[in-house]
Each structure stands twice: as C-alpha cells, then as structure tokens.
Amino acid sequence: MNKFYIYNTLTRKKEEFIPLAPPCVGLYVCGPTVYGDPHLGHARSAITFDILFRYLQHLGYKVRYVRNITDVGHLLGDANDGEDRILKKARLEQLEPMEVAQYYTNRYHKAMETLNVLPPSIEPHASGHIIEQIEFVKKIIDAGFAYNSNGSVYFDVEKYNSETHSYGELSGRNIDELLENTRTLEGQDEKRKSVDFALWKKASPEHLMHWSSPWSEGFPGWHLECSAMGTKYLGETFDIHGGGMDLIFPHHECEIAQSKAALGHETVRYWMHNNMITINGQKMGKSLGNSILLEEFFNGKHNLLTQAYSPMTIRFFILQAHYRSTLDFSNEALQASEKGLLRLLEANERLQKITPAAATTVQVGGLREKCEEAMADDLNTPIAIALLFDAAREINKIFDGNGTISQTDLDELKSIFEVFINDILGIKTDFDSGKSYESYRKAVDLLLEIRLQAKQNKDWATSDKIRNTLTDYGFTIKDTKDGFEWSV
C-alpha cells in the first residue's frame, strides 16, 4: 500500500498513517445532533470524512466507519447548562422528542445521499446506548475521577489534571490557568469547579427523556456517548477520530479525559478535524443566525443566494479548499465552482468521444502518480482537482484536433478520471438535482438544433438570436461540417 500522511491534531504535525491492525481501519466521526435541518457546516464535515473513507478504501483498507447520531444529552450551552436541544425543539413544536430526532435524522440522511456521501458502516444513536454509557461512568467513578452531586455525576478535571494527565493536550488550552480563575458560585452550582463536565445529569420532573441509573433518574452528558460507542464498536484503542474543528474543545478534549480515566490509556491514535465555513470572515452556524440550510442551496431560496446550486456544485466547492483551511462562502465562489465543475465534466464527456491515434503528442504522463501523491498528502483535494484541470486542457486540445493520444494513454486517462472524479472525490458525472448537467446539456443541444434548422431555412434572425444569447450567457458556439459544438 502507498504511504498516506495525515495531520494529527493531537501531535500538531503530519504523520504517516499506520493502522493498528492492517488491513482493518477503525474510523469514528462525530455525526449530527438531530434537532434541525443540515446546513453547509454539516456538509463540510460529512464530505471531508467521506473523502477519507473513500481514499482509505482506495488504498485497499477494510474500513469500519462509525458515525453517531446525537439524539439525547446535548445541552444548549454545551457546558452542562440549559435545555436539551432536542427537548427544546419538541416542546416548541409539541412533539415527542424521538419524533423530532427521527424526522431530522431522516432529513440528514436524505441530504447526505443527495451530496453523494457514503453511509457509515455503523450509525449508533446515543439513546440506544444508555447501558454502555452508564457502565462507562461506573469505570470513571471507580478510577476516582468523578463525583456524585445531588444525583448528577461530574468529571473531576482538577484531580485528573494533577495525576500526570494533561487536560487540554488536544486543544492547547491552559487548564491550570482556567482552574485558578474559576470558582464555584455558592448555592447555584453543584459542580466543584466550573471546568468539570457532566457525565450523568439528574432529570428534572418535566424532563421527557430519562433513564434509571445508580445515581438518579436522568440522562447522559453529551461528551460521554462518543467514548462509549467508539470503544464499543472499534475497540479500546482505534485508529482515527474525526469531526469539526469546533468540537476540539470541549467535546473531544472531554472525550480524551474520560476515556483515559475509564480505561487507563489513550483510545484514539490520530485525531483529524475539518476547519469551519465562514461568511465574510465570521463562522457560519445556527447559533450565530447566519447558517444556510442545504435545502436552501438546492432551491436558491435564501436572501444570501442569487440562484440555486446543485448538490455536486456544493460538494465540488467544498473540495476545492483543503479540509484544514477556512472556507469562505460567497455567491461568486459558488458560481466559479459551478463553472469549474461543468468544465471538468465536459472534458470527461469529450474524453469518452476521442478516437485514439498512433502516438501521444500531449502532456498526460505521470498524472495518476501526481494525483495519488496529492491525496496521500493529508487528502489534498485542491491539488488533485488542479491536476485534473490540467488534464482537461490536454483533453480539449485533442478533441479540438490540436493533439493526439494513443490507445494505451487514452485508456489510462479514462481510468484516472473514473477513479479520481467518481470513486475518490465522489463527484457524480450524471448528477441530477437542481441544475442537472444532463438535462442542461440536452436543453442547449435542443436550442442549437433549432438554430441549425433556422440556418437551413435562411431564418437568420432566429439563428443569430440563439447564437448571440447563448454567447452572452458564456457559451462558445462552433459550427462544424457535422453540425455544431459548444462549450461554456
């Protein structure tokens, strides 16, 4: 297998990926909290780890990909205070909490399928693993790193940090400083320190989602589910844990602490995080009120959008930036991605029509190796896409009669486009939703057929109007002895 390097957030450097038990790979990714429709931020994380899943399989690994559904325990404040996100939605809409969770889980699945995101191997729900989470809390208590306070159980960060552990190792936070500057608010906080986090919360009488435990009738804390489910399905030590950069602290930091406390060792070997999406430099998110739902991208019905965009355009837009870099949203950027995607798909379509010659006179050698090298360098999709664009230019030269390609090189080029565009980048060449490329192509062909008939009938006004209008829209029209050719 080729060497594959990924950036490990824990060590803050690129490392060669060496799985624990090759050819098997264990991958855990934090999935959605299902209380609302998925937005562009959800898409970026899902697509990032879809690419990782696809590339690992391309390398020949057998991947068990676990992506969870958070349907209980995620409090509004992310710091053990406020209302459960799903419960709040259920109360506002007068629904059962699981009705809300199921509805938005279905919506998430539909959006991911539209974006051509492969389903995970296992998709565990937090509410379906209460027993495992209770057992995990017991282990932490037995190890001396948690305490019961009025029926709720909290992780003792100060004690954990003092016993050769390092709370803050993933995020780089100075926890000693935090501990010094936090204090318990008398009569208002059942935690010993503000940095302590909930492992189990005692449910108030009006709380709808609760389970029996040794400490109280209650529910698990948000951070606990990933430790319990990750180790259940991937073992006490597994290869990769992924998620959005916004989860590094507190979520993943807490995961590391509680897993080490319960099991006595690190459970994750490589931590991977995708960066955020911004609008005018500000993070996009529901809590900030500036998020755009995926459905709004697909139908164009949002005040920040000037048009609808196909799911493949959204996917291509996300892949044109490295997953660890910030991706800034704008209509101009999306329109550029749309045009770029159509150019690439047009080149792929032309590639299928090329007739081979005796020799190759264009530059197509070494393309596969360069694309492999880009993907092996921490999933560098922008470089891989740039290389495919270089190849697209050579394809256009051949198609336009300015170069030739041998049968061997033609077969190789077709294979490379199939593998990297379809299999690894996950771009559908026959996608259909919003701006369907196939329907779009047929519509343009129809217009040009009408123009051809108009020319034959010497209806120059209609012929010129179609040509000029399409030219204004950015099309290049070329008349040939067989009819016509067009490109964007």
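A few notes on this one:
- Sequence-distant aspartates and glutamates (8 or more away, or on other chains) whose Cα lies within less than 15 Å of residue 458: 449
- Count of lysine pairs in the stretch 288-434 with Cα separation under 29 Å (8 or more residues apart, or interchain): 17
- Multiplying the residue separation of residue 368 and residue 414 by 0.36 nm and removing their Cα-Cα distance gives an extension gain of 15.5 nm.
- At full extension, residue 457 and residue 18 could sit 151.2 nm farther apart than now, given 0.36 nm per residue minus the alpha carbon distance.
- Overall form of the stretch 79-141 per C-alpha gyration tensor (a/c, 1.5; a/b vs b/c): oblate
- A straight Cα-to-Cα reach below 17 Å connects residue 455 with the aspartates and glutamates 445, 464, 479, 482, 485, residues fewer than 8 places away in its own chain not being considered.
- Distance violations [Cα-Cα > 25 Å] among 62/283; 88/159; 62/260; 138/191; 110/442: 62/283; 88/159; 62/260; 110/442
- The order of 30, 24 by accessible area, most exposed first and with a 1.4 Å probe, is 24, 30.
- Considering only the chain, percent of DSSP beta bridges that pair antiparallel, nearest 5: 50 percent
- Fraction in percent of alpha-carbon pairs per bin - 10 Å, the stretch 1-103: 13, 33, 27, 19, 8, 0
- Considering only alpha-carbon pairs that sit under 8 angstrom and 6 or more positions apart, the relative contact order computed for the chain is 15 percent.
- Residue-normalised accessible area of the chain, expressed per residue, 1.4 Å probe, Å²: 45 Å²
- Label sites at residue 95 and residue 110, each approximated as a point 7 angstrom past Cα along Cα to Cβ, lie 1.2 nm apart.
- About the Cα centre, charge dipole magnitude for the stretch 339-389 (Lys/Arg +1, Asp/Glu -1 at Cβ), debye: 360 debye
- When 271, 486 are compared by accessible area at a 1.4 angstrom probe, the order from most to least is 486, 271.
- Secondary-structure-derived ellipticity at 222 nm for the chain, considering helices only, amounts to -13000 deg cm²/dmol, per-run term -39500 (n - 2.57) for DSSP H runs with n ≥ 4.
- Calculated FRET value between residue 3 and residue 237, using beta carbons and R₀ = 22 Å, to 0.05: 0.50
- The relative contact order of the stretch 61-135 comes to 45 percent, based on Cα pairs under 8 Å that sit 6 or more residues apart.
- Here the simple spin-label model places points 7 Å from the Cα toward Cβ, and for residue 328 and residue 204 these points are separated by 4.2 nm.
- Separation of the residue 407 and residue 123 label points, Cα + 7 Å toward Cβ, nm: 4.6 nm
- Hydrodynamic radius (Kirkwood) for the chain, which is based on Cα pairs only, to one decimal in Å: 25.2 Å
- With all protein chains modelled, accessible area of residue 323 [1.4 Å, Å²]: 10 Å²
- Based on C-alpha pairs under 8 angstrom that are at least 6 apart in sequence, the stretch 19-151 has a relative contact order of 29 percent.
- Extent along principal axes [Cα atoms of the stretch 255-381; Å; largest to smallest]: 67, 45, 22
- Surface calculation, 1.4 Å probe, protein heavy atoms: residue 211 sits at approximately 70 Å² accessible.
- Of the DSSP H helices in the chain, those whose Cα atoms cover at least 24 Å axially and whose Kyte score averages -1.0 or more: 40-58, 331-353, 381-399, 437-456
- Heavy atoms of residue 197 accessible to a 1.4 Å probe, total area in Å² rounded to 10: 10 Å²
- Expressed as a whole percent, the accessible area of the chain that falls on carbon and sulfur atoms is 48 (1.4 Å probe).
- Distant-in-sequence amide contacts of residue 24, defined by a placed amide H-H separation under 5 Å and a gap of 5 or more residues or a different chain, comprise 62.
- Largest accessible area first, the residues 169, 394 order themselves as 169, 394 under a 1.4 Å probe with ligands, DNA and RNA left out.
- Under the shape rule built on the C-alpha gyration tensor, where the axes satisfy a ≥ b ≥ c, the stretch 191-286 is oblate, since a/c reaches at least 1.5 while a/b does not exceed b/c.
The values are calculated or read from the model by the stated rules, or taken from the named source; none is laboratory data. Quick caveat, the model's predicted, so the values are computed rather than measured. Positions of Cβ are backbone-derived with ideal geometry, glycine not excepted, and every protein chain shown enters the neighbour counts. Remember, those area values only see protein heavy atoms, side chains included, never the ligands or the DNA or RNA. Shrake-Rupley method; radii C 1.70, N 1.55, O 1.52, S 1.80 Å.
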